[in-house]
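The values are calculated or read from the model by the stated rules, or taken from the named source; none is laboratory data. Owing to the predicted nature of the structure, the values given are computational and were not obtained by experimental measurement. When we count neighbours, we look across all protein chains shown, and the Cβ atoms used for this are built from the backbone with ideal geometry, even at glycine. The accessibility values were calculated without ligands, DNA or RNA, using every heavy atom of the protein model including side chains. Shrake-Rupley method; radii C 1.70, N 1.55, O 1.52, S 1.80 Å.
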Amino acid sequence: MARLPDTEGTGEIAHRVRARRGGALRPLDRMLLHSPQLADGWNTLLGAIRGRLRLPPDIRELVILRIAVLNRAGYEWTAHEPEARGAGLSDADLAELRRERPDFDERRRRVIAYTDAMTRDVHVSEESFDVLRAHFTDVELVELTATVAAYNMVSRFLVALDVQEPPLGAATAVPPEEADQ
């Protein structure tokens, strides 16, 4: 059970969060909406990371799931496993992500090493960064770094406040007063 009660989420900010989520608030949103201004900025940042970057979706979801494993953020894994599958990650890929040293192709191994370094140590060696240059543009490297940083924030928020993923089909629909807007 979460450490704070859910919020209902009313007003323009909650409406924008629902719009990005396809009409329903997630437990994460209900926690963030204790501070509407925080929820608004979070929604903008994560909306950009999830839908407006050049970083390939399979790499984005690989990173997110790896962070979920490292930070023991079950909510994050549950929320992103379908996205990862949709981005092309297989059952074997998902199983590998749970290993201490996942066995992937060179590109994915280097992404995992970078993600692990940023998540576990914060500091990234020159070598770990430089080997990524053969696989990503400067724009993608910035986006990869921001994705790792942002999803460490997400997972740590979820874990610290003990936010739990609801059972499938239990998402909250748009309240009637906002559905008419």
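If you take the residues in region 41-78 that are over 17 Å from Gln164 (Cβ atoms) and among the acidic types (Asp, Glu), which one is surrounded by the fewest Cβ atoms within 10 Å (Cβ to Cβ)?
Asp58
Of the residues examined, Arg98 is one that is closer than 21 Å to Gln164 by Cβ and out of contact with any Pro (no Cβ under 7 Å at 6 or more places or on another chain).
In the set Arg109, Arg133, Arg120, only one residue is out of contact with any Ser or Thr (no Cβ under 9 Å at 6 or more places or on another chain), of a type outside the set (A, V, I, L, M, F, W, C) and under 30 Å from His34 (Cα atoms); that residue is Arg120.
Among Leu38, Leu4, Leu25, which is the only one that is modelled with pLDDT of 95 or more and under 18 Å from Ser155 (Cα atoms)? Break it down into steps so the answer makes sense when it comes.
Values: Leu4 fails: modelled with pLDDT of 95 or more; Leu25 fails: modelled with pLDDT of 95 or more.
Just one listed residue meets the conditions, Leu38.
If you check every pair at least six apart or on different chains, which have Cβ atoms under 9 Å apart with a residue in region 26-48 that is of a type in the set (S, T, N, Q) first and a residue that is outside any helix (DSSP H, G or I) second? The qualifying pairs are Asn43/Arg21.
Contact annotation: residue pairs with Cβ atoms under 7 Å, 6 or more positions apart or on different chains, pairing a residue in region 128-153 that is among the acidic types (Asp, Glu) with a partner that is open to solvent by less than 50 Å² (accessible area, probe 1.4 Å), are Glu140/Leu55; Glu143/Leu55. The sole residue among Arg107, Arg60, Arg120 that is of a type in the set (Lys, Arg), farther than 30 Å from Leu4 by Cα and either modelled with pLDDT of 95 or more or touching a Cys at 6+ places or on another chain (Cβ under 9 Å) (or both) is Arg107. Got at least one residue in region 112-122 being farther than 21 Å from Pro27 by Cβ, surrounded by fewer than 19 Cβ atoms within 10 Å (Cβ to Cβ) and touching a Leu at 6+ places or on another chain (Cβ under 8 Å)? Yes, region 112-122 contains a residue that is farther than 21 Å from Pro27 by Cβ, surrounded by fewer than 19 Cβ atoms within 10 Å (Cβ to Cβ) and touching a Leu at 6+ places or on another chain (Cβ under 8 Å).
Looking for something closer than 27 Å to Arg20 by Cα, touching a strand residue (DSSP E or B) at 6+ places or on another chain (Cβ under 9 Å), at pLDDT below 95 and of a type in the set (Gly, Ala, Ser) - is there at least one such residue anywhere in region 161-169? Walk me through how you get there before you give the answer.
Within region 161-169, the subset closer than 27 Å to Arg20 by Cα is 161-169.
Next, only the ones that are touching a strand residue (DSSP E or B) at 6+ places or on another chain (Cβ under 9 Å) stay: 166.
Checking which are at pLDDT below 95 leaves us with 166.
Filter again for of a type in the set (Gly, Ala, Ser), leaving none.
The answer is no; no qualifying residue exists.
Take residues that are aliphatic (A, V, I, L, M) and under 14 Å from the mean Cα position of the chain (by Cα) and tell me which of the helices (runs of 4 or more DSSP H) falling wholly in region 3-74 contain 2 or more.
Values: elements: 11-20, 27-32, 36-51, 57-70.
Because the criterion is at least 2 residues that are aliphatic (A, V, I, L, M) and under 14 Å from the mean Cα position of the chain (by Cα), the helices (runs of 4 or more DSSP H) in region 3-74 that meet it are 36-51, 57-70.
How many residues, within region 10-25, are of a type in the set (Gly, Ala, Ser), open to solvent by 10 Å² or more (accessible area, probe 1.4 Å) and touching a residue at least 40 places away in the same chain (Cβ under 8 Å)?
2
Against the list (1) part of a loop (DSSP other than H, G, I, E, B); (2) in contact (Cβ under 8 Å) with a residue 40 or more places away in the chain, the condition Pro102 fails is (2).
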